[in-house]
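Here's the structure we're looking at; comments come further down.
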């Protein structure tokens, strides 16, 4: 009998054997060689209109009638990662890759590609340097350089259908752990894999679990940090949206390993789709007996609850998160005691990041040795990065630890638009630092990044070019941290604003070299005295930009000049009379009425009225507005 | 909103969760979503239900960014101030108008107008959207 979605709705799996039997049936029911259409429904593509593309494709298929060989229905998936090229349409089995697809393209895709097996050239990816059209996903440099372990299923499965997840191998690891392994052996496997936390600090996961497991009996908890507050990071969002079962499975394994019967997922409220898909995953897993009482007949009970964030970056900090789950203000607490001894509700707790949990599922499925074979000696496995900023291929990438920074940005990322190098790459979010072009050969792993003055962080990787001002970047991060500081400890509460004030003065061309020396001593005090890593790492942005871009700071202070043309008080906007057509688009956009001129003749900006808002530059279609 | 409507709706919300302190934030979130703000009457009802002292509940309500103790406007516009968006000029857009990171960095700069995502938004485009909303 072939298992269908309706059948799984009535099943309750009572053993590993039953799970594998179902998996076999589901796999047999789908022919991998059959043509099928996949449309990306990750948040990025949805914002770019992929839902409309799906509807158009459905209509085109219906209109095309009976005589085409294609899997009925369009598979909508989570984020494929190549967000800057969405909406994305992939056609299996060849993995034909169409980008920036519009609803109006649907007819042609069905008639030309599905029916006749021909390419729609204009929708194919074009290599930015060679101009060559590339037909399949595997050949696109963005994907070719990646090693997709955590992201393996995302883009292949419909995240709202547990049948798809099962086909892809979901819960094989959990079933193995619960049925054939002792909790101690599960912890050993995670230790041997070398997995280090993917949330930012990189603490060895298995060792953290051991610390909680050593408490005999009693209530314990596992938690998933899905707060993902670093600006520029969306790895966890994509995992939860695109493969929520990976996280659920990981937590079941973790709960079993340490002896916890309850798990909490703390998701930031700004991720409604992730929450929706997670809720569906929990519902489906429960219905199949993969969650809840006596999972797969093992005798192990485990349930998961979802808590939403309420807009506080500091709640991404382990102890602050736990306070928030308890219904309290998100203020960190001193350690010791560590959460593994006294965590949520005062009980031994293990908190791990979304990506860490997803890795746990893979490790129990494929084995610790397999995982330890990826990456470097001290940084095993892969890392998912959100590659954003001034880079051609903006999106989500997963690479083996130890890959060179240059390979990520220039190969997978397709390089920097209009330039043959990057000015800096920021990693680790507000807690991290900037790496200059001189560090392009740096292997990207936990320890190398720290040695270079930055850190891995959660995976945000922001590429900057010559139009980005490093003083402005440091000021931006400090502004963010000042806003998000919980206010409990004064090194952070008072120190971070002081740092920011100094940078604000620099950005106005004020300040002295003495101020720079003062920054260093303030930084030491803030690092030493802060209660949590928000304050503890706050000085990193300043320290790392000073380390590599001191000349830029000095240009601001000593020459009253912003070389990148960003800091408002140090720049002037002007109109190039050669390029200006007198169309008055800028004059209409100017909120200060600072632009004047006769119709169809070159206009000019009154500097005394100009507030440097940049709206004139944005409205000019002729590139006539310039910044100095 | 009529006073009676608030009384009826809020009781339904309160009853969704057990009367324990750990449900404080759940309740505040649901009330914020239903009424666009948390009134002092609502806060009192929540405290009665959960047993959390009003001073503590007030601390929670003022600590988290997503709670507002004053009614918000009818049309909500969020401009992402995340790093990627900042580098693409979102700070200027926000200044020209006025969230934390929305996690949609590839579409920088991103704004959300009444729940609809606007990718690669520009100040002129957003101003037009705001004007249209004002006309409605």
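Quick note: the coordinates plus some simple rules give every number you see, no bench work behind them. Every value quoted in this text rests on a predicted model; they were computed, and no experiment measured them. Heads up, the Cβs are rebuilt from the backbone with ideal geometry, glycines too, and the neighbour counts pull from every protein chain shown.
Take the Cβ-Cβ distance between residue A:606 and residue A:581 as r, set R0 to 25 Å, and report the resulting FRET efficiency rounded to the nearest 0.05.
0.80
What's the Cα-based Rg to Rh of segment B:5-63, Rh via Kirkwood?
0.91
In Å, what Rg and Dmax follow from the Cα atoms of the protein assembly as shown?
Rg, Dmax (Cα atoms, Å): 26.6, 83.
What is the fewest-to-most order of A:586, B:85, A:580 by other Cβ atoms lying within 10 Å of their Cβ?
Exposure proxy ranking, most exposed first: A:580, A:586, B:85.
Measuring from label point to label point, each 7 Å out along Cα→Cβ, what is the residue B:59 to residue A:69 span in nm?
Each label point is offset 7 Å from its Cα along the Cβ direction, giving 6.9 nm.
What ranking do A:67-75, A:405-413 get when scored by the average of other Cβ atoms within 10 Å per residue, highest first?
Ranking the peptides A:67-75, A:405-413 by packing returns A:405-413, A:67-75.
Where does each of A:505-513, A:237-245, A:175-183, A:534-542 land if you order them by average Cβ count within 10 Å, highest first?
A:237-245, A:534-542, A:175-183, A:505-513
At a Förster radius of 51 Å, what calculated FRET efficiency corresponds to the Cβ-Cβ distance of residue A:404 and residue A:287, to the nearest 0.05?
According to the calculation, E is roughly 0.65.
When you look at the Cβ of every residue in B:58-65, what mean number of other chain Cβ atoms sits within 10 Å?
Mean partner-chain Cβ count within 10 Å for B:58-65: 5.
Just to be sure I understand: of the beta bridges DSSP finds with both ends in the protein assembly as shown, what percent are antiparallel, rounded to 5?
DSSP beta bridges in the protein assembly as shown are roughly 60 percent antiparallel.
Within a 10 angstrom radius of each residue's Cβ in A:465-476, how many Cβ atoms of other chains show up on average? Whole number is fine.
Going residue by residue through A:465-476 and averaging, the value is 1.
Using 0.36 nm per residue, how much length does the chain from residue A:528 to residue A:144 gain when fully extended, once their Cα-Cα distance is taken away?
Between residue A:528 and residue A:144, full extension yields 133.9 nm more.
As a test of the definition: which semi-axes, in Å, follow for segment A:545-611 when you take the square root of five times each eigenvalue of its alpha carbon gyration tensor? Largest first, please.
Taking √(5λ) for each eigenvalue gives 32, 12, 9 Å, largest first.
Treating segment A:284-359 as a set of equal point scatterers at the Cα positions, no solvent, please give the Debye-formula log₁₀ I(q)/I(0) at q = 0.11, 0.13, 0.27, 0.28 Å⁻¹.
Log10 of I(q)/I(0), two decimals: -0.38, -0.51, -1.21, -1.24.
Averaged across A:385-398, how many Cβ atoms of other chains sit within 10 Å of each residue's Cβ atom?
3
Given points 7 Å out from each Cα along the Cα-Cβ axis, report the residue B:37 to residue A:551 separation in nanometres with one decimal.
5.3 nm
Calculate the translational D of segment A:368-416 in whole µm² s⁻¹ from Stokes-Einstein, where the hydrodynamic radius comes from the Kirkwood formula applied to all Cα pairs, the temperature is 37 °C and the viscosity 0.692 mPa s.
288 µm²/s
Based on DSSP H runs of at least 4 residues, each adding -39500 (n - 2.57), what is the mean residue ellipticity at 222 nm of the protein assembly as shown after dividing by all its residues, to the nearest 500 deg cm²/dmol?
Taken over the protein assembly as shown, the calculation gives -12000 deg cm²/dmol.
What whole-number distance in Å separates the alpha-carbon centres of segment A:154-233 and segment A:13-33?
Taking the Cα centre of each part, segment A:154-233 and segment A:13-33 sit 23 Å apart.
If you rank A:127, A:41 by fewest surrounding Cβ atoms within 10 Å, what's the result?
A:127, A:41
Within a 10 angstrom radius of the beta carbon, how do A:422, A:490, B:67 rank from fewest other beta carbons to most?
So the ranking, lowest neighbour count to highest, is A:490, B:67, A:422.
Can you compute the label reach from residue A:377? Point 7 Å from Cα along the Cβ direction, backbone N cut-off under 19 Å, restricted to segment A:435-458.
Within reach of a label on residue A:377, which here means backbone N under 19 Å from a point 7 Å along Cα→Cβ, segment A:435-458 contributes A:442-452.
May I ask you to compute the full-extension gain from residue A:588 to residue A:207, defined as 0.36 nm times their residue separation minus their alpha-carbon distance, rounded to one decimal in nm?
This chain segment gains 131.0 nm when fully extended.
Mind giving me the nanometre distance, one decimal, between the label points for residue A:15 and residue A:119, set 7 Å out from Cα along Cα→Cβ?
5.2 nm
Would you calculate the convex hull of the Cα atoms in segment A:38-160 and tell me its volume per residue in Å³?
Cα-based convex hull of segment A:38-160, divided per residue, equals 101 Å³.
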